[in-house]
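Single-structure report; data block below.
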């Protein structure tokens, strides 16, 4: 069993309140859940308006497949104009 894990630190420029931030994050999370077979959640910086940390995980039987899944999710988030990826870490276990 191979586990792909990733943490993404995001900057949300349009958010002027926690409510606006959560709307953006919820939208991204729901779209990823519907397109990719991964687990995703906000895991950090919960009380900061313009920043968020997302955690993503996938389980596979192949290292290459796990890397591709994580990379696909990162590219999907990167194409979203509402957020910018500040930092990301990928681990394959």
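The values are calculated or read from the model by the stated rules, or taken from the named source; none is laboratory data. Fair warning: this is a prediction, and the values are worked out from it, not measured in the lab. Quick reminder, even Gly has a Cβ in these numbers, built from the backbone with ideal geometry, and neighbours come from all protein chains shown.
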### Single condition residue 60 does not satisfy, out of (1) out of contact with any helix residue (DSSP H, G or I) (no Cβ under 9 Å at 6 or more places or on another chain); (2) more than 16 Å from residue 25 (Cβ to Cβ)
(1)
### Summary
Counting only residues in the range 44-68 that are closer than 28 Å to residue 20 by Cα and outside any strand (DSSP E or B), the one modelled with the highest pLDDT is identified as 50
### Query
Regarding residue 87, is this residue outside any loop (DSSP other than H, G, I, E, B) and surrounded by 13 or more Cβ atoms within 10 Å (Cβ to Cβ)?
no
#### Entry: Residue in the range 13-25 that is touching a strand residue (DSSP E or B) at 6+ places or on another chain (Cβ under 8 Å), at pLDDT 90 or above and farther than 15 Å from residue 83 by Cβ present
no
### Task
Could you run through the range 1-53 and say how many residues are over 14 Å from the mean Cα position of the chain (by Cα), within 16 Å of residue 77 (Cβ to Cβ) and in contact (Cβ under 8 Å) with a residue 40 or more places away in the chain?
2
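Here's a check for you: in the range 1-30, which residue that is touching a helix residue (DSSP H, G or I) at 6+ places or on another chain (Cβ under 6 Å) and part of a strand (DSSP E or B) is surrounded by the fewest Cβ atoms within 10 Å (Cβ to Cβ)?
Within the range 1-30, the match that is surrounded by the fewest Cβ atoms within 10 Å (Cβ to Cβ) is 2.
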### Query
How many residues, within the range 31-43, are assigned to a strand (DSSP E or B) and surrounded by 15 or more Cβ atoms within 10 Å (Cβ to Cβ)?
2
### Summary
Considering residues that are touching a strand residue (DSSP E or B) at 6+ places or on another chain (Cβ under 6 Å) and surrounded by fewer than 18 Cβ atoms within 10 Å (Cβ to Cβ), the number found within the range 61-70 is 1
